[in-house]
1. Quick check: the angle from helix 30-47's long axis to the longest principal axis of the chain, C-alpha only, nearest 10 degrees?
2. Ignoring GluC sites (Glu not before Pro) that are buried or in helix or strand per DSSP, and keeping those with at most 13 other beta carbon atoms within 10 Å, what is the longest stretch of the chain between them?
3. Please get the size of the charge dipole for region 224-347, origin at its Cα centre, with Cβ charges of +1 on Lys and Arg and -1 on Asp and Glu, quoted in debye to the nearest 20.
4. With 26 Å as the cut-off, how large is the P(r) tail for region 224-347, expressed as percent of Cα-Cα pairs?
5. With the convex hull built on the Cα atoms of the chain, state its orientation-averaged projected area in nm².
6. Running a GNM on the chain with Cα contacts under 10 Å, which residue among Gly48, Gly20, Gly92 ends up with the highest mean-square fluctuation?
7. What is the local net charge at Thr89, summed over the other residues whose Cβ is closer than 13 Å to its Cβ (Lys, Arg +1; Asp, Glu -1)?
8. Once the piece of chain linking Ser165 and Glu184 is laid out straight, how much longer is it, given 0.36 nm per residue of separation minus the C-alpha distance between them?
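Every number in this text was worked out from the coordinates using simple rules, so none of it is lab data. Since the structure is predicted, the reported quantities are computational estimates derived from the model, not experimental observations. Virtual Cβ from ideal backbone geometry, glycine too; neighbours counted across all protein chains shown.
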Amino acid sequence: MPRQARIEFAGAIYHVMARGDRREAIVRDDEDRKTFVRTLGEAAERAGFRVHAWVLMDNHYHLLLETPEANLSLGMGWMQNAYTRRINTRHGLWGHVFGGRYKAILIEPGDCFWAVLDYIHLNPVRAGKVERESGLESSRWSSLPGYLTEPGKRPKWLETATGLSVVGCKDTGFGRRKFLEILEERVDWKAPGKAGREYSAGEGESKLAVYSSLKRGWFFGSQVFKERLLGMMEKRLPGRVKRSGIQSVAAKDHGEWMAERIVKAGLKVMETDEADLKGAAKGDWRKGLLAEMIQRRTTMKLDWISHRLRMGERPSCCRTIRKIREEMSRQSEWRKLHERIEKMLICHA
């Protein structure tokens with residue numbers, strides 16, 4: 001099976017996570033941990049990544065990184081391969097260290113960035129690795145100590161400016177202490193396992209479901225951010241975006257987004273509206289024309305198309321689409337409308 005293509009572009013921000021093969025440990029001791037951090041730093045320098053946050057656990061890692069160039073796959077591929085070689089050489093082993101490819105979720109700047117930053121730094125708390133008495137700063141194998149130390153003592157590849165500014169903190173002794181205090185406020189020590197799983201920018205604000213979004217989604221952000229990403233996908237992968245081409249959930253979102261664009265453009269070109277179209281007969285040629293375009297240009301299934309356009313059951317929708325294709329060559333009006341809809345989609349892509 002071909003590997004799924006990553007959604008990559010200059011300036012993208014990702015939450016990246018990978019687990020050990022069969023969920024086994026990716027580190028055995030502190031020397032392995034040092035090797036991981038060193039390899040991450042080399043990958044960042046090679047690829048030009050801006051690493052905003054990281055945490056290394058026993059059997060997985062999390063990263064929050066930005067790619068000034070569209071090269072996530074190249075940089076991450078080098079990092080995981082290099083770390084695997086180094087660990088296998090050290091322990092006299094062979095084979096995989098990581099369980100397949102890493103997972104990469106696109107992150108919207110602002111509150112969503114802040115939420116993921118907290119989520120990563122609070123991972124050791126959720127795992128029971130940090131006691132309240134010792135403080136969050138006792139978590140050694142993460143970027144948090146780098147945020148709390150002076151600029152000259154941080155790794156050059158660790159980017160803290162955005163993380164500090166998003167919470168309104170300056171890179172001073174007072175600002176760094178304030179940063180820690182804000183993070184500590186995210187922890188309910190009566191239920192440490194929930195730390196960072198949800199995020200609220202302030203009192204009365206709706207909560208962001210960080211954990212579920214990072215686990216099941218392909219992006220973490222607003223509807224506006226999603227629309228922007230889908231538009232970028234269409235420009236890079238025009239026409240029908242196959243499920244094998246990008247992550248399946250992203251392909252589904254892209255398909256529905258494109259289908260709705262086709263309906264909207266079709267209504268405008270045909271000089272009609274939703275109510276009129278839905279009220280028409282299930283085999284109406286206008287419905288058939290839009291259904292044919294949706295099926296040809298997207299990944300949406302017939303069940304979805306027939307329900308969206310009120311075309312009856314699946315077989316009825318299929319017959320109408322087939323009729324449109326058979327008669328298109330004889331119907332000059334249909335061809336002209338089809339061409340105008342296609343041009344509108346291109347102009348507004």
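1. The two axes meet at around 50 degrees.
2. With a cap of 13 other Cβ atoms within 10 Å, the longest stretch comes to 25-130.
3. That gives a dipole near 420 debye.
4. Counting every Cα pair in region 224-347, those more than 26 Å apart make up 18 percent.
5. Hull-based average projected area comes out at 21.8 nm².
6. Gly92
7. The answer is +1.
8. 5.1 nm
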